[in-house]
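Undergrad: Let me begin by handing over the structure; questions about it come next.
The values are calculated or read from the model by the stated rules, or taken from the named source; none is laboratory data. Everything numeric in this text was worked out from a predicted model, so none of it was measured. Quick reminder, even Gly has a Cβ in these numbers, built from the backbone with ideal geometry, and neighbours come from all protein chains shown.
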Amino acid sequence: VIAILIGIYLYKTRFGLNLRVVGENPGSADAAGISVNMVRYFHILLGGALCGLGGAYLSLVYVPTWQDNITAGRGWIAVALIIFTAWNPYKAIVGAYFFGGLSIFGFYVQSFDLKISPYFLDMLPYAATIFALIVSSMKKSKENAAPKALGSAYFREER
C-alpha cells in the first residue's frame, strides 16, 4: 500500500514532480522557484520516518523478540531492489514479491525433506540480488539511470 501511495505521490502530484526535478536538475528547479534544500530535507525526513516505521515493524511484529543481526542483511536487498527496479515504486512491488518469494522458498523446499543444504537455500535471495544488479547494470538506458543529482550537493549561484 505504501509503495502505491508513493507512486501516486511521485507521478501524480505537483510535489512529486518537484522532487523528481530536484533529483534530476536542481539548478532548473531553483530557477523555477522551487526551494531545492527544502524539498531535499523534507524528503530525507520523510524517508527516514518510513525507514523507522519499517524497522519498528520488523522488531515489534515480524520478530517480536530481540535478536542480534535482526535484519540479516535484508537492508542490502532493499537497496539493491531500488536500483534493480530503476527507482520506480510500482516495479518495486513486483521486485519485493520476487525477493520475498525467494526468502520463503527455502522454508517451502525444506518441508519436502529434500537433501538441499539450508545454507544454500538461505543464500538464494542474496545471490539473486547480485544477479539482478549485474543484469540491471548491463542496461545502459536513460530509464534505468539514477537521478542525475543523486548524492551531489547543491549551492545556489549568485544572480
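Undergrad: Hey, could you check the stretch 112-141 for residues that are closer than 15 Å to I83 by Cβ and of a type in the set (D, E, K, R) and say which is modelled with the lowest pLDDT?
TA: K140
Undergrad: Continuing with this model, one more query. Given the conditions (1) within 13 Å of the chain's Cα centre (by Cα); (2) touching a residue at least 12 places away in the same chain (Cβ under 8 Å), and given that I70 satisfies all but one, which numbered condition is not satisfied?
TA: (1)
Undergrad: Quick one: is A128 among the small types (G, A, S) and either closer than 30 Å to D30 by Cα or loosely packed, with under 11 Cβ neighbours inside 10 Å (or both)?
TA: no
Undergrad: Follow-up. For residues that are closer than 21 Å to L150 by Cβ and among the polar types (S, T, N, Q), scanning just the stretch 56-102, find the one that is surrounded by the most Cβ atoms within 10 Å (Cβ to Cβ).
TA: Only one residue fits best here, namely T85.
Undergrad: Which pairs have Cβ atoms under 6 Å, sit 6 or more apart or on different chains, and link a residue in the stretch 40-67 that is free of Cβ contacts under 8 Å to residues at least 60 places away in the same chain and within 30 Å of V21 (Cα to Cα) to one that is surrounded by 12 or more Cβ atoms within 10 Å (Cβ to Cβ) and of a type outside the set (K, R)?
TA: As it stands, the answer is H43/L19, since those pairs meet every condition given.
Undergrad: Can you tell me which condition G33 does not meet? The list is (1) surrounded by 13 or more Cβ atoms within 10 Å (Cβ to Cβ); (2) among the small types (G, A, S); (3) outside any helix (DSSP H, G or I), and all the others hold.
TA: Going through (1) surrounded by 13 or more Cβ atoms within 10 Å (Cβ to Cβ); (2) among the small types (G, A, S); (3) outside any helix (DSSP H, G or I) one by one, G33 breaks only (1).
Undergrad: Take the conditions in a loop (DSSP other than H, G, I, E, B) and in contact with a helix residue (DSSP H, G or I) (Cβ under 9 Å, 6 or more places away or on another chain) and apply them to S152. Does it pass?
TA: Details: in a loop (DSSP other than H, G, I, E, B): yes; in contact with a helix residue (DSSP H, G or I) (Cβ under 9 Å, 6 or more places away or on another chain): yes.
Against the criterion (in a loop (DSSP other than H, G, I, E, B) and in contact with a helix residue (DSSP H, G or I) (Cβ under 9 Å, 6 or more places away or on another chain)), S152 qualifies.
Undergrad: Then there is this: In the stretch 16-30, which residues are out of contact with any helix residue (DSSP H, G or I) (no Cβ under 7 Å at 6 or more places or on another chain) and either in a helix (DSSP H, G or I) or modelled with pLDDT of 95 or more (or both)? Before the answer, list the steps.
TA: First, pick out the residues of the stretch 16-30 that are out of contact with any helix residue (DSSP H, G or I) (no Cβ under 7 Å at 6 or more places or on another chain): 17, 23-25, 27.
Once the filter is applied, which keeps residues that are out of contact with any helix residue (DSSP H, G or I) (no Cβ under 7 Å at 6 or more places or on another chain) and either in a helix (DSSP H, G or I) or modelled with pLDDT of 95 or more (or both), the stretch 16-30 yields L17, G23, E24, G27.
Undergrad: Could you grab me the full set of residues in the stretch 69-96 that are charged (D, E, K, R) and modelled with pLDDT under 90?
TA: Correct list: R74 only.
Undergrad: Surrounded by fewer than 17 Cβ atoms within 10 Å (Cβ to Cβ), outside any helix (DSSP H, G or I) and out of contact with any Gly (no Cβ under 8 Å at 6 or more places or on another chain), is that true of F105?
TA: For F105, the condition - surrounded by fewer than 17 Cβ atoms within 10 Å (Cβ to Cβ), outside any helix (DSSP H, G or I) and out of contact with any Gly (no Cβ under 8 Å at 6 or more places or on another chain) - is not met.
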